[in-house]
Amino acid sequence: MKKVRIVVWGLGAMGSGMAKALLARPGVEIVGAIDRHEGRMGRPLGQVLGIDGPDINIEADPQTIIVEGSADLAIIATASFTTEVYQQLEMAAKAKMNIITIAEEMAFPAAQQPELAKQLDQLAKENNVTILGTGINPGFVLDTLIIAMTGVCLEVESIKAVRINDLSPFGPTVMHTQGVGTTPEEFAQGVDAGTIVGHVGFPESMEMIAAALGWKLDSIEQTKEPIVSTVYRETPHVTVQPGMVAGCKHIANGKINGKTVITLEHPQQVRPELEEVETGDYIYVTGTPGINLSIKPEIPGGIGTMAMAINMIPQVLQAGPGLKTMKDLPIPAAVLGDIRDLLTQE
């Protein structure tokens, strides 16, 4: 059986990490790489990744790579929002490529872009391919893992989940979107202006959970609060003086008939240990039976996102055509052997 041919579109931190991990796995070959960053385009992929091989150059023009018959699957790691990646998804689907994207809104695009979700589903079916959005969050911690936990419940009254994580490893873009290094007044202005966005993906996670449980949410209410530091904090990309913002506490509440049935909280900050804040992932299901889950420290976001995308390759290749979400496919598992061994051979 031939190797699974993959195109990696986007070679930032996540895309390059996935490319390097894929090259270490049997049964897979990267046949194309796309990126428009001046420091990467035109260079050999191996050189950019800091490893030997493969002998392909990173292309800036996707039309030279996204060609029918050239690959079995495209991994797209370019942006967060459905509207931003739609044209890329469309191009890959029309080239008969299955698709995995880590765009956060694509975890459940019907939550905020229902018409685009319908178009993507139709596009995928017309071209006999599968499209999946996944990652660590959304994609696993605050949705897929919760859904799996409710499988042992006869009744579910409400769900609360909290992901407390450390922003320190991230770069300037994330610091800006989380409001790190601003004053509380600047933080409030940024939230109002839409430049401080907090976590991207709460509506998608909530609607995925609700759809899996058969709930219909009436509303989703979100708040973003500054985490104001009482101590000096520093990372390679930002400094935070006492009284300045070290992160964002983003909370979402999903309601049915005025009652909150899903609460998701995601407080993110730099150097949380300096104020004795422990990171972790926590899930509380109130029902029959009630279930509590604690994971400490938190599942690493970067590694987790890369792993989810790679480990879902066999499920995507064998799924029926259409736009899928994590609730539609078999549970994720680490792919430690040859990917081809997990595929049904014709």
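Derivation of every value follows stated rules applied to the coordinates shown; laboratory data play no part. Computed from a predicted model, the values in this text were never measured in an experiment. With ideal geometry, Cβ positions are generated from the backbone for all residues, glycine too; neighbour counts draw on all protein chains shown.
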Degrees, to the nearest 10: 114-126 long Cα axis against longest axis of the chain
20
Between the modelled labels at Ser80 and Asp52 (7 Å from Cα along Cα→Cβ) the distance in nm is 4.0
Each label sits 7 Å from Cα toward the beta-carbon; between Thr288 and Thr239 the label points are separated, in nm, by 6.0
Centroid-to-centroid separation of the stretch 137-208 and the stretch 232-255 [C-alpha atoms, Å]
13
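Over all pairs of distinct alpha carbons, what does the Kirkwood formula give as the hydrodynamic radius of the chain, in Å? Write down the numbers at each step before the final one.
Numbers: mean 1/r = 0.0475 Å⁻¹.
After inverting the mean inverse Cα-Cα distance, the result is 21.0 Å.
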Between the helical axis of 301-311 and the dominant principal axis of the chain, each derived from Cα atoms, what acute angle in degrees is found, rounded to the nearest 10?
40
With angles folded into 0 to 90 degrees, how steeply does helix 184-193 sit against the dominant principal axis of the chain? Use alpha carbons for both and round to 10.
50
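Can you give the local net charge around Ile66? Use residues other than it whose beta-carbon is closer than 12 angstrom to its beta-carbon, Lys and Arg +1, Asp and Glu -1. Intermediate values should be presented prior to the final figure.
Values: positive: Lys94, Lys96; negative: Glu59, Asp61, Glu68, Glu90.
Net charge in that neighbourhood comes out at -2.
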Any aspartates and glutamates whose Cα falls less than 15 Å from that of Lys296, other than same-chain ones fewer than 8 residues away, would be Asp166, Glu273, Glu276, Glu278, Asp281
Under 20 Å Cα-Cα from Lys3, which aspartates and glutamates qualify once same-chain neighbours fewer than 8 residues away are excluded?
Glu29, Asp52, Asp55, Glu68, Asp72, Asp338, Asp341, Glu346
